[in-house]
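A.B. asks: My structure is below; once you've seen it, I'll send some questions.
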Amino acid sequence: MHVDWYPWGGEAFARAVAEDKPIFLSIGYSTCHWCHVMERESFEDESVARILNKNFIAIKVDREERPDVDHIYMSVCQALTGHGGWPLTIIMTPDRKPFYAGTYFPKTSRGGYPGIIEILDRINRTWKSEKSVLLESSESIMEHMNKEFEAADHGEVEEGTIDAAYTGFVKSFDKTHGGFGTAPKFPTPHNLMFLLRQYKQSGSANTLHIIEKTLESMYRGGIYDHIGFGFSRYSTDRKWLVPHFEKMLYDNALLAIAYLEVYQATRKQEYRKVAEQIFEYVLRDMTSPEGGFYSAEDADSEGVEGKFYVWTPKEIAEVLGDKEAKEFCKMYDITEQGNFEGNSIPNVIDNKMSFEELTQLPLDAMRQKLFQHREKRIHPYKDDKILTAWNGLMIAALAYGARVLGNESYKAAAEGALRFIQNKLMRADGRLMARYREGETAYVGYLDDYAFLVWGLIELYEASFDIKHLELAIQLNEDMIQFFGEVGKGGYFIYGSDSEQLIARPKEVYDGAMPSGNSVAALNLLRLGRLTGNTELEVEAEGVFGAFADRINSYSMGHTFLLTALMFARGKGSEIVIVGDQKDSTVQNFIDTINKNFMPYSVVVVKDESDKGALIKLVPYTEGQLRVDDRATAYVCENFACRAPITDLNKFSEILS
């Protein structure tokens, strides 16, 4: 007997009402290790299935496909228990109001954890004998949660909030192993992006050290796949040695951006190398034949976490031969005793070589042999659903990589993914959809889908200066305001006005594993406002800051991407327009000079005079900006004041520096 799972939808809710049964809601995702454990222990067990099927209506939800459902019930779990995570377990009334919440539960009680059988039996008895108690509890919970979900109308981000976040990171910085706090450690790349902008403003050597130490330490650890490249989800220990082995598309997109930004700021080749390896992994293993990017790879293979990724000295020797194996094992800490359950995770944590030396090692032939050998193993499950939001992040990363590294193949991959989205994840009326898998497109797009894809389009425009990317970014941004905005109030709802209306409609701004949709939307609004000269978009961004000011002021370290947007709004930015034929080598030299500089508060437009007014329609302020003396010309405006036109490359370079 198996659990009679329903998808989230009307059929399940109607049956719960008709049979007067509570709903058992399980939310997880395909590469979630503990979701698989609970599935094997409990949901595949006949006694658990019998209880669920007899007394409950069981619903299973993929959190990556329904972030709206996940967010509401995860917030409930955190409010009721003080913590959250997946699998998320919710028990609720037939009208979807929760009265019990938790995460993983074993089949029967052990080690202080209540067992799922005991929980289900107790709730079933209460439902039949004292249902009113559970109904009252659910009403009380939702009354509290709706107050929590409300955003303020108009607040002010306090002076010193940015400094408070910065100070928090300095105090929590792990001087020995990089990163912040103790185990477990998450990469959280947007925290490093925030700090890099602090460095840009202050020039503080200590700030740069914190960023570089963290990026180097993550690369040295087992969280980085030294054989096949790409980063795992997080480290279970302080040293970044033992990862939770699943690999997520969004982590690798954001980490690629972080390494690229530091490369751009420092010109140190090691950061470039890591970004290139991340892209190699994504383009090789996570790209569909049609051009979209897959979501994730599991931690487990053959039912064992990390089995695909670990080695023994004997296996290395079988592949490389004794002499090369000895060298490789010494370099990558592969020993007889192992560093993970009797096996070894390749890492260079204790290697005395510099970061630069490590990324330039002449061991690629050995690594390739080991990679080819590893390919013969049983692979972890690949979650091949294609999500618009996460594809938007990878489009942004690849486009930024194309610009910073001058790699046309990255731009081609980003544009291929965009075409996939336009063909498969955009309705005929232009409405974005959220998920594609095996020929099926499902779920009306969420805020993240719009915000992250617009981010990708802005990066694609600045990598190619193809006006169609800017046009689409502007259109989707307008759609975002229409579907997710609230007249007279700032900030954006998680799901659209045309979506299924759930028991609550929250606005979220917390920058967790990924930046929030609101944070990314705020920065998009500012960048598009500066690119096009549309100051109304900048006013719209100010509305986002005002709506969430109380939350930012109370916990600044949890809102670093929104603070990054605030720094853009308050920083000394510039608008740069290059006028001339894009194919002209002088125009390209101007663009290359821009791309060599880390200028996080600047926007760039290229006006090709052959475009017959298309750009002027989108960016009206460029109308009077023409070539001087028939030469490629740069116009630079800073802090609402414009310099004289520049035709000399050296002078332009001096100004940017």
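The values are calculated or read from the model by the stated rules, or taken from the named source; none is laboratory data. It should be emphasised that the depicted structure is a prediction, and the values quoted were computed from it without experimental measurement. No Cβ is skipped: glycine too gets one built from the backbone with ideal geometry, and neighbour counts run over all protein chains shown.
A.B. asks: For Val605, indicate whether it is surrounded by 21 or more Cβ atoms within 10 Å (Cβ to Cβ), at pLDDT 90 or above and part of a strand (DSSP E or B).
C.D. replies: Yes: the conditions hold for Val605.
A.B. asks: Counting only residues that are of a type in the set (D, E, K, R) and within 20 Å of the chain's Cα centre (by Cα), which one in the range 285-314 is nearest to Ile395 (Cα to Cα)?
C.D. replies: Asp285
A.B. asks: If you don't mind, another one. Please identify the pairs in which a residue from the range 10-31 that is closer than 14 Å to Asn53 by Cα and touching a residue at least 24 places away in the same chain (Cβ under 8 Å) has its Cβ atom under 9 Å from the Cβ atom of a residue that is of a type in the set (Gly, Ala, Ser) and in a helix (DSSP H, G or I), counting only partners at least 6 apart or on another chain.
C.D. replies: Pro22/Ala16; Ile23/Ala12; Ile23/Ala16
A.B. asks: For the condition crowded, with 24+ Cβ neighbours inside 10 Å and either of a type in the set (Asp, Glu) or assigned by TED's automatic domain parsing to the domain that holds Met248 (or both), what is the one hit in Asp429, Asp448?
C.D. replies: Asp448
A.B. asks: Here's a follow-up. I'd like to know if the range 402-409 contains one or more residues that are of a type in the set (S, T, N, Q) and either under 18 Å from Asp384 (Cα atoms) or in contact with a His (Cβ under 6 Å, 6 or more places away or on another chain) (or both).
C.D. replies: no
A.B. asks: Only one residue in Gly222, Gly228 is assigned by TED's automatic domain parsing to the domain that holds Met193 and crowded, with 24+ Cβ neighbours inside 10 Å. Which one?
C.D. replies: The match here is Gly222.
A.B. asks: Turning to a different aspect of this structure: Collect the residues in the range 75-101 that are within 24 Å of Val133 (Cβ to Cβ) and under 25 Å from the mean Cα position of the chain (by Cα), keeping them in residue-number order.
C.D. replies: Once the filter is applied, which keeps residues that are within 24 Å of Val133 (Cβ to Cβ) and under 25 Å from the mean Cα position of the chain (by Cα), the range 75-101 yields Ser75, Val76, Cys77, Gln78, Ala79, Gly82, Leu88, Thr89.
A.B. asks: Quick check on this structure: which one of Asn347, Asn343 is crowded, with 20+ Cβ neighbours inside 10 Å and polar (S, T, N, Q)?
C.D. replies: Asn347
A.B. asks: Taking the conditions exactly as written (charged (D, E, K, R) and not in a loop (DSSP other than H, G, I, E, B)), does Asp592 satisfy them or not?
C.D. replies: Yes; evaluated as a whole, the condition is true for this residue.
A.B. asks: Another question, if that's okay. Yes or no: Ser653 over 28 Å from the mean Cα position of the chain (by Cα) and small (Gly, Ala, Ser)?
C.D. replies: Taking the combined requirement at face value, the residue satisfies it.
A.B. asks: Something else about it: Could you say which residue among Ala565, Ala547 is under 23 Å from the mean Cα position of the chain (by Cα) and within 23 Å of Ala641 (Cα to Cα)?
C.D. replies: Ala565
A.B. asks: Okay, moving on. Can you confirm whether the range 185-199 contains a residue that is among the aliphatic types (A, V, I, L, M) and either over 21 Å from Pro600 (Cβ atoms) or not in a helix (DSSP H, G or I) (or both)?
C.D. replies: No, the range 185-199 contains no residue that is among the aliphatic types (A, V, I, L, M) and either over 21 Å from Pro600 (Cβ atoms) or not in a helix (DSSP H, G or I) (or both).
For every residue, the table says whether it meets (1) over 18 Å from Pro98 (Cα atoms); (2) assigned to a helix (DSSP H, G or I).
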| site | (1), (2) |
| --- | --- |
| Arg50 | yes, yes |
| Ile59 | no, no |
| Tyr73 | no, yes |
| Val76 | no, yes |
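A.B. asks: Scan (1) under 28 Å from the mean Cα position of the chain (by Cα); (2) part of a loop (DSSP other than H, G, I, E, B); (3) under 30 Å from Glu64 (Cβ atoms); (4) not assigned by TED's automatic domain parsing to the domain that holds Asn524 for the single condition Arg377 breaks and write down its number.
C.D. replies: Every listed condition holds for Arg377 apart from (1).
A.B. asks: Under 20 Å from the mean Cα position of the chain (by Cα), acidic (Asp, Glu) and either in a loop (DSSP other than H, G, I, E, B) or at negative phi (or both), is that true of Asp448?
C.D. replies: yes
A.B. asks: How about the range 630-655: which of its residues are part of a strand (DSSP E or B) and either buried (at least 18 other Cβ atoms within 10 Å of the Cβ) or not small (Gly, Ala, Ser) (or both)?
C.D. replies: Arg631, Thr633, Ala634, Tyr635, Val636, Cys637, Glu638, Cys642, Ile646
A.B. asks: For Ala79, state whether it is modelled with pLDDT under 95 and closer than 18 Å to Ser137 by Cβ.
C.D. replies: Yes; evaluated as a whole, the condition is true for this residue.
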